[in-house]
Amino acid sequence: MEKSEEYKTWVIPFLATILAMLAMQMSNLGSSPLLKEIQKEFRMSDSLYGTFTGMYGLSALLLSVPGGILAKRFGVRRVMPISLLFVAIGLVVLSQVWSTPMAFAGRAVYLLGYRPAFVCVMTAIALTAPISLRSRSMGIVGAITAAGTAIGAPFGSAIGEDFGWRNGILAFAGIMFLSACIFYLAYSLSSGKKEPQAELKPEKAQAETPSVTAKSGSVFRNPVIWALAVLEGIVGVGYFASNWFIPGAVEMVFGEKGMTAAYILSTGFVVAICANLFFGYLMDRFNKWNVMGLMMVILIPASLCMSTTSLPLFWIAASLVLSVGLSAAQQCFSLAAELVPPREMGHVMGLVSLGPGIFGYIGPQTLGWLRDWTGNFTAGWYFLALVAVVSLFLIVYIKHYIKARAAA
């Protein structure tokens, strides 16, 4: 009877949330080849196409905090399905566009739903998973993000190749409609009118993370939460930025064609599935801040090694930057969840989600500027290493700041 109740209270909504995340990442990251077809059909310049895809970062800036407020005010069970429906509607509009302005409008509707849905996913995971499994749960979400690319890209490309890019995007819209229905039904059946809540009993392994840091007052006035928003952005800069510049580096430095770059990116995402699960396990078993520091220690030499002229070494280094960077960014949400009570989870997830928006835009812009200024990619890879060093210092500072506040 207890096991049946456990499945109802957190396992079923957790699985529904994971399924929704998979569908979202299939349409977000997996639709990249189809968006390239839109660029060709409407003859967008590279800079205009950059703006078209870069709307993701702007949406994160504008919609992350409102998404968190909506999740707190109306509950994940209501906000998530509506957001997923907006994603589906945006994809339908995008599949029917006949001009560049319409393409931008469809993309805007898509992102209007995607960002609040992303915040709801992080909120739902933080609320439903037991505290002892929270970091592993966030690791699973990161693994699903990587798997979404691995599944979505060939899925959309295969349909687009046989039936045209419009039908490929429509297929993603159908998946989003289905995931919205499944999520709503699973959450309703498991929790009735109440939102699932994380167990409040502190776990032994997490005793070193004091929850008093955000017990009182608004999370928007808590310096630790704002520091985590910055950390969430900068630890993922390597993952966000290198993803777009690896193909160019492979062609320029090694003289290889696009398929080699695709294999390198695929390797990175496959490794990211394992890395997210591995680091999630470590975060639950050991001090979370120490594990975050370990990830930065791995990222620093990996970023530097991307300046090599050896393709095998570059392949390994790029895979580490992609996989460990994604893992670190994902675990920042686990750190944030430790610092607030369940009633503030929506707000804190929205606030921390600001980081990827700001640095997801700044990172690629900086790498592009360094590439134009120096004529090669080496300065960009050094920049990623420097960002990892800054992240390491910030992790150490936040850890000691929390410890000092707890002692006081």
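The values are calculated or read from the model by the stated rules, or taken from the named source; none is laboratory data. What you see is a predicted model; the values in this text were computed from it and never measured. Virtual Cβ from ideal backbone geometry, glycine too; neighbours counted across all protein chains shown. Side chains included, ligands, DNA and RNA excluded: accessible areas come from the protein's heavy atoms. Shrake-Rupley method; radii C 1.70, N 1.55, O 1.52, S 1.80 Å.
Qualifying chymotrypsin sites (Phe, Trp or Tyr not before Pro) in the stretch 237-300, where qualification requires a DSSP coil assignment and no more than 15 other C-beta atoms within 10 Å, comprise Phe286.
Packing around the peptides 92-100, 75-83, taken as the average count of other Cβ atoms within 10 Å per residue, puts them in this order, highest first: 75-83, 92-100. The residues of the stretch 266-321 have, on average, 41 Å² of accessible surface per residue, using a 1.4 Å probe with all protein chains present. Answer rounded, prolate or oblate for the stretch 77-169, using the Cα gyration tensor with square roots of eigenvalues a ≥ b ≥ c: rounded when a/c is under 1.5, else prolate when a/b is larger than b/c, else oblate. The shape class here is oblate. Using a probe of 1.4 Å on the protein chains alone, the accessible area found for Cys181 is around 80 Å².
Highest-first packing order for the peptide set 368-374, 324-330, 59-65 is 324-330, 59-65, 368-374, based on the mean count of other beta carbon atoms within 10 Å. Across Trp165, Trp315, the residue with the most accessible area heads the list, and the full order at a 1.4 Å probe is Trp315, Trp165. Overall form of the stretch 54-110: oblate. Here a/c, set by the Cα gyration tensor axes a ≥ b ≥ c, is 1.5 or more, and a/b is not larger than b/c.
The order of Lys40, Lys399, Lys288, Lys72 by accessible area, most exposed first and with a 1.4 Å probe, is Lys40, Lys72, Lys399, Lys288. For the pair Arg78 and Thr308 in one chain, pulling the backbone fully straight at 0.36 nm per residue adds 77.8 nm over the alpha carbon distance.
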